Amino acid sequence: MKLITADASPFARKVRVVLRETGQTDAVEEVQVMTTPVATADEVKAANPLGKIPALILDDGRALFDSRVITRYLDSVAGAGLYPEDRIWDILTLEAMADGILEAAVLMVYEGRVRPEEKQYAGWVEAQWAKAIRGVGAVNDTWMEMLSGPLNMCQISVGCALGYLDFRHPDRDWRADHPALAEWYVTFGARPAMEETRPA
Ligand SMILES: N[C@@H](CCC(=O)N[C@@H](CS)C(=O)NCC(=O)O)C(=O)O
């Protein structure tokens, strides 16, 4: 299998962490691409008409996307139990929360890097940040219990979301009002799979 990926992509990082946590790195070749919403790489278009990464190309040529589909597929292949049935709706909701934090944080980056300066809208950027930090607050205030116990997919998703906030929005200081989550991330972020995939 081939994973169309980029080291800076937090959605691709979720998949790369799952590959490492479930012992499947040898089964998947990671193919690095450079792609943006206004300059989609050819390999990305070929794998995903929506022009987004990650995409996982299976050995029979079919491509899977988006990240949540790929992580669930890899979990199923490995029988890793990242989506335990008895908590499935909580797992999926918290996974969606983490992905929503990421979507807002990625859009903020695109606004600054992809949109021409004279068209950038600071109010829109702040509205995206408000979404992201509300999500962080909700995890800190009501979802911490889901982050303890055996490794599951919402832990990986939240970990990758926080890692991306550190990578692209360090000045926003998500830790300031979220001590429980900050403490959890000290340990989770030190997992070998997280260290190995940390964007530089
Ligand atoms: N919901 C998608 C989001 C993927 C996504 O937005 N990836 C970004 C890179 S981090 C991308 O490919 N952006 C290019 C674009 O939006 O055209 C997923 O979970 O895979």
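The values are calculated or read from the model by the stated rules, or taken from the named source; none is laboratory data. What you are looking at is a predicted structure, and each value in this text was computed from that prediction instead of being measured. So basically every Cβ, Gly included, is an ideal-geometry build from the backbone, and we count neighbours across all protein chains shown. Areas reflect the complete protein model, heavy atoms only, side chains present, ligands, DNA and RNA absent. Shrake-Rupley method; radii C 1.70, N 1.55, O 1.52, S 1.80 Å.
Nearest-5 percent of antiparallel DSSP beta bridges in the chain?
60 percent
Under DSSP H, which helices of the chain have Cα atoms covering 15 Å or more of the helix axis and a Kyte-Doolittle average no less than -0.5? Walk me through the numbers on the way to the answer.
On the way: long enough: 10-21 (16 Å, -0.12); 67-78 (16 Å, 0.20); 88-113 (37 Å, 0.86); 122-142 (30 Å, 0.00); 153-168 (22 Å, 0.84).
Counting only whole DSSP H runs, the qualifying helices are 10-21, 67-78, 88-113, 122-142, 153-168.
Averaged over every viewing direction, what's the projected area of the C-alpha convex hull for region 85-194? Give it in nm², one decimal, please.
Values: hull surface 29.3 nm².
So the Cα hull casts an average projection of 7.3 nm².
For region 2-78, which whole-number percentage of the solvent-accessible area (1.4 Å probe, protein heavy atoms only) is attributable to carbon and sulfur atoms?
Numbers: 1980 of 3810 Å².
Here it works out to 52 percent.
Over the chain, what is the mean sequence separation of C-alpha contacts under 8 Å (at least six apart), divided by residue count, expressed as relative contact order in percent?
Details: 242 pairs, mean separation 45.6, N = 200.
Relative contact order, the chain: 23 percent.
Looking at region 114-200, which chymotrypsin sites (Phe, Trp or Tyr not before Pro) are DSSP coil and have at most 10 other C-beta atoms within 10 Å of their C-beta?
Details: sites: Tyr121, Trp124, Trp129, Trp143, Tyr164, Phe167, Trp174, Trp184, Tyr185, Phe188; in loops: Tyr121, Trp143, Trp174.
In loop regions of region 114-200 (DSSP not H, G, I, E or B), the sparsely surrounded chymotrypsin sites (Phe, Trp or Tyr not before Pro) are Tyr121.
Can you compute the equivalent ellipsoid semi-axes for region 2-78, i.e. the square root of 5 times each eigenvalue of the Cα gyration tensor, sorted largest first and rounded to whole Å? Provide the component values of the computation, followed by the final result.
Details: eigenvalues 77, 33, 21 Å².
Over the Cα atoms of region 2-78, the ellipsoid semi-axes are 20, 13, 10 Å.
Using a cut-off of 13 Å between beta-carbons, work out the net charge of the residues near Met146 (Lys and Arg +1, Asp and Glu -1, Met146 not included). Don't skip to the end; give the middle numbers.
Working: positive: Arg87; negative: Asp86, Asp90, Glu95, Asp141, Glu145.
Here the count lands on -4.
Report the extension gain between His169 and Val69 in nm, rounded to one decimal, defined as 0.36 nm multiplied by the number of residues separating them, less their alpha carbon distance.
Details: separation 100, 0.36 × 100 = 36.00 nm, distance 2.68 nm.
Here the answer is 33.3 nm.
Could you work out the percent of alpha carbon pairs in the chain separated by over 20 Å, rounded to a whole number? If you can, show how the numbers build up before the last one.
Working: 11114 of 19900 pairs.
Beyond 20 Å sits 56 percent of the P(r) for the chain.
Over region 85-194, what percent of the accessible surface lies on carbon and sulfur atoms, probe 1.4 Å? Please report the intermediate quantities before stating the final value.
Numbers: 2950 of 5520 Å².
Answer for region 85-194: carbon and sulfur cover 54 percent of the accessible area.
Taking 0.36 nm per residue of sequence separation and subtracting the Cα-Cα distance, how much length would be gained by fully extending the chain between Asp59 and Ala127, in nm to one decimal?
On the way: separation 68, 0.36 × 68 = 24.48 nm, distance 4.15 nm.
Using 0.36 nm per residue and subtracting the Cα-Cα distance, I get 20.3 nm.
Which of the peptides 152-160, 40-48, 5-13 is most tightly packed, and how do the rest follow, judged by the mean count of other Cβ atoms within 10 Å per residue?
Details: 152-160: 24.9, 40-48: 16.8, 5-13: 22.6.
Per-residue mean Cβ counts within 10 Å order the peptides as 152-160, 5-13, 40-48.
So what is the relative contact order for region 85-194, in percent, with contacts set as C-alpha pairs under 8 Å and at least six apart? Present the calculation step by step, with values, prior to reporting the outcome.
On the way: 82 pairs, mean separation 37.3, N = 110.
Relative contact order here is 34 percent.
Taking only protein heavy atoms into account and a 1.4 Å probe, give the accessible area per residue of the chain in Å².
Details: 10070 Å² over 200 residues.
Per-residue accessible area for the chain comes out at 50 Å².
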